[in-house]
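J.: After the structure tokens below, expect a handful of questions from me.
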Amino acid sequence: MSTVHIPSVLRPNVGGAKSLEVDGDSIRSVVNGLVERHPALGGQLLTDEGDLNRFVNVYVNGQDVRYLAGLDTPVADKDEVRLLPAMAGG
Amino acid sequence: MPKSYADLLREARAQIREVTPQEVDALPADAATIVDVREASEWEQGHIPGAHHVSKSYIEQQIEAAAPDRDAQVILYCAGGVRSLFAAQTLAEMGYSDVASMSGGFQGWKGAGLEFETPVVLSSEQKQRYSRHLLIPEVGSAGQKQLLESKALLIGAGGLGSPAALYLAAAGVGTIGLVDFDVVDISNLQRQIIHTTDRVGQRKVESARISINALNPDITVVEHEEMLTADNVARLIDGYDVILDGTDTFETRYVLNDAAVAAGIPVVHASVFRFEGQLTTFVPYEGPCYRCLYPTPPPPELAPGCSVAGVLGVVPGILGLLQTNEALKVLLGIGTTLAGRLLLFDALESEFTELQLRRDPACPVCSDAAVEARKAGRPLDVATVGADAPFLMTTTGLAGSVSPEARA
């Protein structure tokens, strides 16, 4: 189980949860697991082709998966996954 | 048996070794601790490079800080070579084993055509105002002078810009530029503490200038009452040493990023949403830029601004001060900035999280290829952002766009 931290802008899509425990040994399986449970997240996180949207950053233990192996980045038990969209407010 | 001045001088000369300015100049670096024992007003007119200043009247109290090793060579000098002889006697009494006095003093040094430096001189009012900075070795009078000569540009005199402008002014950052086209609205005052109730309706840049100069009249405030756009950005940022990005639209953030990277100016970035904030420092070519972090802007429903989503007032306050801390470090060249790190703040949990950022080797703005393309006059294509992009959402969902006047 890894812990996925949900930013507040996405929380309405997951019933308000701040974080979720999700099974999966890669970012792909973790994201798919999330979307299965909360289909509304799908349109936010993934493109029609099933890739990660470029405006949502995904970090595993503080590292951007774009510079690891993208969706194929391995996720181990107790890893911290963080979804991070840009925010503009000032 | 009373002694005359001539008697005392003769005794000092007999006891203390004297060296010439040329001999002192020829010493290898670190061979001796050189101490200027003149008064502060004389020191400020110029001194030997690398010398410590310990006025003769404080020599017993302060010499141990300047020269902790009693067996190391210490050379004292004054204006003409007399006061330093008597001060050297005191050091000998205190157990310093290798003390010398420079004959001819600083006049002899200058007369021999040797190099000297003139220290930074702050006015007595400035010495009082910035005394807590002057006490910190990492700032001191040289750092304070640096701040006074620095220019910081704030994009937005709002939630982030308010605390930043006030603390930059308090710190003595000599020139503060403000870019904001808005007027003060009463709904701003829940967090935009640089403005006041009696200035509702006034131009924000003017209102901010009044508060800045009330706090520190030395600060030059440059009012840029216009919206930052691709057409004016190069002119607006020209000549500034650091930029604090406190806007609330993606369009402005990308336009600013692209121009600041091209101009080589560091941008301290912060953004806020309800209880959360993000902060980093973009140092061109040393760390990632905004487009490396977020290659494309999110769709409107994922990125509401404060005016539609709301924000806890202290969140921009906290983030604005962290921005100021970054800006001061950039200006002073001290410490470690957040270049390459993104700091997240969650006010509800009182939690800070740090994420590692990287430069995107394919970045259309800061990659080597992008730099080459700019030099060749053919900048790479970048994703463009619609002006109303962040303003299409209310707390309940998609809604109409918000007029510029309602942006805050």
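The values are calculated or read from the model by the stated rules, or taken from the named source; none is laboratory data. Keep in mind that this is a model prediction, so the values were computed, not measured. Backbone-built Cβ (ideal geometry, glycine too); neighbour counts: all protein chains shown.
J.: Looking only at residues in segment B:306-318 that are more than 7 Å from every other protein chain (Cβ to nearest Cβ) and touching an Asp or Glu at 6+ places or on another chain (Cβ under 8 Å), which one is surrounded by the fewest Cβ atoms within 10 Å (Cβ to Cβ)?
T.: B:Ser307
Residue-wise test of (1) under 23 Å from B:Val267 (Cβ atoms); (2) among the acidic types (Asp, Glu); (3) crowded, with 18+ Cβ neighbours inside 10 Å.
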position	(1), (2), (3)
B:Leu153	yes, no, yes
B:Gly158	yes, no, yes
B:Ala164	yes, no, yes
B:Leu168	yes, no, yes
B:Phe181	yes, no, no
B:Asp185	no, yes, no
B:Thr196	no, no, no
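J.: Could you please tell me which pairs satisfy a Cβ distance under 9 Å, a separation of 6+ or placement on different chains, a first residue in segment B:219-247 that is under 11 Å from B:Ile155 (Cα atoms) and free of Cβ contacts under 8 Å to residues at least 40 places away in the same chain, and a second residue that is surrounded by 21 or more Cβ atoms within 10 Å (Cβ to Cβ) and β-branched (Val, Ile, Thr)?
T.: B:Val233/B:Thr252; B:Val233/B:Val255
J.: State which residue is farthest from A:Gln63 (Cα to Cα) when the search covers only segment B:267-323 and only residues that are of a type in the set (Val, Ile, Thr) and modelled with pLDDT under 90. Break it down stepwise before answering.
T.: The initial filter retains those residues of segment B:267-323 that are of a type in the set (Val, Ile, Thr), namely B:267-268, B:272, B:280-281, B:283, B:296, B:308, B:311, B:314-315, B:318.
Okay, now just the ones that are also modelled with pLDDT under 90, so B:296, B:308.
Details: B:Thr296: 19, B:Val308: 31 Å.
My answer is B:Val308.
J.: How about segment A:47-70: which of its residues are surrounded by fewer than 18 Cβ atoms within 10 Å (Cβ to Cβ) and either assigned to a loop (DSSP other than H, G, I, E, B) or more than 13 Å from every other protein chain (Cβ to nearest Cβ) (or both)?
T.: Listed by number, the residues that qualify are A:Thr47, A:Asp48, A:Glu49, A:Gly50, A:Asp51, A:Asn53, A:Arg54, A:Asn61, A:Gly62, A:Leu68, A:Ala69, A:Gly70.
J.: Considering only residues of segment B:14-32 that are modelled with pLDDT of 95 or more and farther than 21 Å from B:Ala112 by Cβ, which is surrounded by the most Cβ atoms within 10 Å (Cβ to Cβ)?
T.: B:Gln15
J.: Also, I was wondering about something else. Which pairs have Cβ atoms under 7 Å, sit 6 or more apart or on different chains, and link a residue in segment B:192-207 that is under 14 Å from B:Gly246 (Cβ atoms) to one that is assigned to a loop (DSSP other than H, G, I, E, B) and not hydrophobic (A, V, I, L, M, F, W, C)?
T.: Final answer for the pair search is B:Gln192/B:Gly158; B:Gln192/B:Gly159; B:Lys204/B:Asp180; B:Lys204/B:Asp182; B:Lys204/B:His195; B:Val205/B:Asp180; B:Val205/B:Glu225.
J.: From B:Ala152, B:Ala170, B:Ala142, which residue is out of contact with any Ser or Thr (no Cβ under 9 Å at 6 or more places or on another chain) and either in a strand (DSSP E or B) or at pLDDT below 95 (or both)?
T.: Working: B:Ala152 fails: out of contact with any Ser or Thr (no Cβ under 9 Å at 6 or more places or on another chain); B:Ala170 fails: either in a strand (DSSP E or B) or at pLDDT below 95 (or both).
Checking each option against the conditions leaves just B:Ala142.
J.: Quick one: is B:Asp241 within 15 Å of the chain's Cα centre (by Cα), among the acidic types (Asp, Glu) and within 17 Å of B:Leu256 (Cβ to Cβ)?
T.: Numbers: within 15 Å of the chain's Cα centre (by Cα): yes; among the acidic types (Asp, Glu): yes; within 17 Å of B:Leu256 (Cβ to Cβ): yes.
In short, yes.
J.: Something else about it: Being crowded, with 24+ Cβ neighbours inside 10 Å, of a type outside the set (Gly, Ala, Ser) and in contact with a helix residue (DSSP H, G or I) (Cβ under 9 Å, 6 or more places away or on another chain): is that true of B:Leu236 here? Steps first, answer last, please.
T.: Details: crowded, with 24+ Cβ neighbours inside 10 Å: no; of a type outside the set (Gly, Ala, Ser): yes; in contact with a helix residue (DSSP H, G or I) (Cβ under 9 Å, 6 or more places away or on another chain): yes.
When the stated conditions are applied, B:Leu236 does not pass them.
J.: Looking only at residues in segment B:40-61 that are in a helix (DSSP H, G or I) and either closer than 15 Å to B:Gly80 by Cα or among the basic types (Lys, Arg) (or both), which one is modelled with the highest pLDDT?
T.: To start, the set of residues in segment B:40-61 that are in a helix (DSSP H, G or I) comprises B:40-43, B:56-61.
When the remaining residues are screened for being either closer than 15 Å to B:Gly80 by Cα or among the basic types (Lys, Arg) (or both), the result is B:42-43, B:56.
Details: B:Glu42: 94, B:Trp43: 92, B:Lys56: 97.
Here the residue is B:Lys56.
J.: Same structure again: When you go through (1) among the hydroxyl-bearing types (Ser, Thr, Tyr); (2) touching a helix residue (DSSP H, G or I) at 6+ places or on another chain (Cβ under 6 Å); (3) more than 14 Å from chain A (Cβ to nearest Cβ) one by one for B:Tyr285, which number turns out not to apply?
T.: (2)
J.: Give the residue that is surrounded by the fewest Cβ atoms within 10 Å (Cβ to Cβ), with candidates limited to residues of segment B:290-305 that are more than 7 Å from chain A (Cβ to nearest Cβ) and in contact with a Pro (Cβ under 7 Å, 6 or more places away or on another chain).
T.: Result: B:Pro300.
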